[in-house]
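The structure under discussion appears below in the form of structure tokens.
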Amino acid sequence: MTGETSAPPPTGEPPRNGEELTEAEANARLRTLSRRGFAVAGAAALGTLLGWRWLLRQATREDDLAWPLRRALQTNREISEALFSPRRLAPTSSREAVGVLRPNGTIGLKDADFRLEGWRLQAEGLAGGAASFSLAELQALPHVEMTTEFKCIEGWSTVAHWAGVRLADFARAHPPPTRSGRRFDLERPDDAPPYLSLETPDGEYYVGLDTASALHPQTLLAWALNGEPLSEEHGAPLRLVIPVKYGIKNLKRIGTLAWTTRQPADYWAELGYDWFAGL
């Protein structure tokens with residue numbers, strides 16, 4: 001009969017022949033879809049939670065991490081080491097690009113008894129035995145300046161201008177022992193001890209570097225930031241700057257530097273981060 005319409009489709013089925021739903025039918029449809037969406041999202045969240053708990057409860061653990069996490073970090077390290085080259089330099093910038101660098105952490109800087117005027121760099125594992133150096137003695141070595149991007153593992157970055165001495169030049173002046181017994185040669189880093197350990201005077205913060213990274217031409221023992229002597233919050237009087245690594249490796253206020261044949265402890269690696277931490 002003219003003016004009549006067929007019965008509306010059952011709730012949950014699509015309209016046929018382009019027919020429109022009434023408001024009540026549309027609301028019912030939305031409620032059905034919402035329940036289904038909530039159920040799917042809930043199942044996905046539950047699956048993620050159960051998977052995470054399974055991961056954390058794995059009986060096999062390596063370096064106090066569930067083995068899948070440790071294996072993932074090991075894979076990251078292997079990739080970073082494979083990509084690393086002493087000839088691959090971090091990009092440099094102009095002084096105009098310099099920004100304000102966040103201090104971002106005070107671990108190793110809280111010693112109330114620390115005095116800048118009494119500081120000396122303690123160097124261990126040298127060919128000639130342990131020695132200590134004043135800031136003036138370090139500043140007498142070849143002076144280097146560079147403007148590079150400081151990258152934090154948290155995701156932010158800032159361009160900074162640094163002044164100091166290349167760690168490689170320090171090693172040339174005060175060499176580590178060699179496996180061959182010959183004098184240390186920068187062209188033969190594999191003849192030197194494989195690792196370098198650095199820590200703050202109070203021992204609260206410490207990092208480990210492979211020798212190739214330590215002798216990278218952009219690795220500095222730095223005493224100035226953006227044209228000014230380092231402030232205490234940025235690691236005065238001397239800090240490590242290594243732009244081919246994340247900021248967690250750029251140790252502030254170096255107290256001790258030591259060449260070693262064993263992989264050194266590393267503060268953040270002990271908390272589950274990648275030991276190599278390369279960019």
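Every number in this text was worked out from the coordinates using simple rules, so none of it is lab data. In this text, all values refer to a predicted model and were calculated from it rather than measured experimentally. Positions of Cβ are backbone-derived with ideal geometry, glycine not excepted, and every protein chain shown enters the neighbour counts.
List of remarks:
- Whole-Hz Karplus values for region 170-182 come out as 4, 5, 5, 6, 9, x, x, x, 10, 5, 7, x, 7 Hz, taken residue by residue from phi with 6.51 cos²θ - 1.76 cosθ + 1.60 and θ = phi - 60°; glycine and proline positions read x.
- For Ala130 and Arg88, the difference between the fully extended length at 0.36 nm per residue and the C-alpha to C-alpha distance is 11.9 nm.
- Taking a Cβ cut-off of under 9 Å around Ser157, the surrounding Lys, Arg, Asp and Glu residues balance to a net charge of 0, with basic ones at +1 and acidic ones at -1.
- Candidates per GluC sites (Glu not before Pro) in region 131-164, loop by DSSP, up to 12 other Cβ within 10 Å: Glu154
- Additional length obtainable on full extension of the chain from Glu187 to Gln263, 0.36 nm per residue less Cα span: 25.2 nm
- Net charge of Cβ neighbours under 11 Å - reference Ile254; Lys, Arg +1; Asp, Glu -1: +3
- Neighbourhood charge, 14 Å Cβ-Cβ cut-off, centred on Arg183 and excluding it, Lys, Arg +1 and Asp, Glu -1: +1
- Region 108-169: trypsin sites (Lys or Arg not before Pro) in DSSP loop, at most 16 other beta carbons within 10 Å: Lys110, Arg115, Arg120
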